[in-house]
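What follows is a set of notes on a single structure, which appears directly below.
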Amino acid sequence: MASELPPSVTPSGKPKLLDRVRHEIRVRHMALSTERLYVNWIRRFILFHHKRHPAEMGRAEVSAFLTHLAVDGKVASSTQNQALSALLFLYREVLEQEFGWLNDVVRAKPSGHVPVVLTHAEARTILALLDGLNWLIGKILYGSGLRILECLRLRVKDLDFARLQISVHDTKGKQDRFTMLPRSVLAPLEEHLKRVRAAHEQAMRAGYGGVELPFALAQKYPRATYEWGWQYVFPAPQPSVDPRSGVRRRHHVDPTGFGRAVKQALQKAGISKHATAHTFRHSCATRLLEKGRDIRTVQELLGHQDVRTTQIYYAQRIVMLSRLHKSLPVRPSSWNCCT
């Protein structure tokens, strides 16, 4: 495995710092996107302090960097907290420095922005303007509440057509869950899988039909990488080289393509809301509450660790109903009935 390869070394014979960061991330089976994000922030931190080694720096330098991001870079609080998480990982897991100042570094206060939500009519309009694979992905997102990467990383084995159920594995927070498989996509999804299987069999004959397997399954079950059940539901048209292992194999489609399609559909529909692929997830949660699902059920289906996250949609629903019925303004204290 790539995580077991010895990192490159400096002239003194010690591993390079950023290679050590990559190694520790891969040992913990963290996502490739997280690896790239952390390495980028640590590199920016080092360059900001004129290439000083992080082992020679501490709380003052970390605070100065975070202040620079907020004041000069004008980044959002979530971006600043991303940088802090990367630096905490560097000091705790790579440099193994557990000083008191690590816990004293103040995180930026999260923004109070409410999620953008499409009405049912708006969501149907956008879906009608999508076609092919983008339409199918959009229908699944809106009907299941999946995150875009959760959807694109689905394997064939994760779909249960009989129970109208999707198994979601190793998601945000390292939790597994079940969610709904929309009945409206059953027929087109089955047709799509027939085409995917034909492409998989052709790829097998060409010698690159395997996919990446989670954790050490590839060592335990060497042939599983070629089995139909482990193939991606939405594979990329062409194989690509895995940036970690260097193996040429099938990967899932790039999420940016769907994002562009949604943006173009919004423009064609004349919808001014700042919606993205993730907006379908927000809209699904709101739609479930509109149809009478209780807040705890919605929390489990969407995989929220804290019910207060789900409460945001419930609060939006109350506000909308109060406007429709011209009732009194809803005060935040009245939302406590959701808990």
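The values are calculated or read from the model by the stated rules, or taken from the named source; none is laboratory data. The structure displayed is predicted, hence computed values, not measured ones. Counting neighbours? That spans all protein chains shown, and the Cβs are built from the backbone with ideal geometry, glycine included. Note: accessible area is taken over every heavy atom of the protein model, side chains too, but ligands, DNA and RNA are not part of it. Shrake-Rupley method; radii C 1.70, N 1.55, O 1.52, S 1.80 Å.
Just one of (1) touching a residue at least 40 places away in the same chain (Cβ under 8 Å); (2) open to solvent by 60 Å² or more (accessible area, probe 1.4 Å); (3) more than 19 Å from the chain's Cα centre (by Cα) trips up Pro243, so point out which.
All conditions are met except number (3).
Please give the number of the condition Asp176 fails out of (1) in contact with a His (Cβ under 9 Å, 6 or more places away or on another chain); (2) over 30 Å from Thr297 (Cβ atoms); (3) open to solvent by 70 Å² or more (accessible area, probe 1.4 Å).
The failed condition is (2).
Please name all residue pairs, on different chains or six or more residues apart, with Cβ atoms under 7 Å, provided the first residue is in the stretch 64-79 and is under 19 Å from His49 (Cα atoms) and the second residue is open to solvent by 50 Å² or more (accessible area, probe 1.4 Å) and part of a helix (DSSP H, G or I).
From the stretch 64-79, the pairs are Phe65/Phe48; His68/Phe48.
Would you check which residues across the stretch 136-165 are more than 18 Å from Pro214 (Cα to Cα) and without any contact (Cβ under 8 Å) to a residue 40 or more places away in the chain and list them? Lay out the reasoning, then the answer.
Taking the stretch 136-165 first, the residues more than 18 Å from Pro214 (Cα to Cα) are 136-148, 160-165.
The answer is Asp160, Phe161, Ala162, Arg163, Leu164, Gln165.
Kindly list the number of the only condition in (1) closer than 30 Å to Thr171 by Cβ; (2) in a helix (DSSP H, G or I); (3) open to solvent by 30 Å² or more (accessible area, probe 1.4 Å); (4) β-branched (Val, Ile, Thr) that fails for Thr67.
(1)
Which of the residues belonging to the stretch 226-238 are under 23 Å from the mean Cα position of the chain (by Cα) and closer than 28 Å to Asp160 by Cβ?
Once the filter is applied, which keeps residues that are under 23 Å from the mean Cα position of the chain (by Cα) and closer than 28 Å to Asp160 by Cβ, the stretch 226-238 yields Gly229, Trp230, Gln231, Tyr232, Val233, Phe234, Pro235, Ala236, Pro237.
For every residue, the table says whether it meets (1) hydrophobic (A, V, I, L, M, F, W, C); (2) closer than 17 Å to Thr125 by Cα; (3) part of a loop (DSSP other than H, G, I, E, B); (4) out of contact with any Lys or Arg (no Cβ under 6 Å at 6 or more places or on another chain).
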site: Phe258; (1), (2), (3), (4): yes, yes, no, yes
site: Gln264; (1), (2), (3), (4): no, yes, no, yes
site: Lys268; (1), (2), (3), (4): no, yes, no, yes
site: Lys273; (1), (2), (3), (4): no, yes, yes, yes
site: His282; (1), (2), (3), (4): no, yes, no, yes
site: Leu289; (1), (2), (3), (4): yes, no, no, no
site: Val298; (1), (2), (3), (4): yes, no, no, yes
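Restricting to the stretch 128-165, what's the tally of residues that are assigned to a helix (DSSP H, G or I) and either among the hydroxyl-bearing types (Ser, Thr, Tyr) or under 21 Å from the mean Cα position of the chain (by Cα) (or both)?
Residues meeting the conditions: 20.
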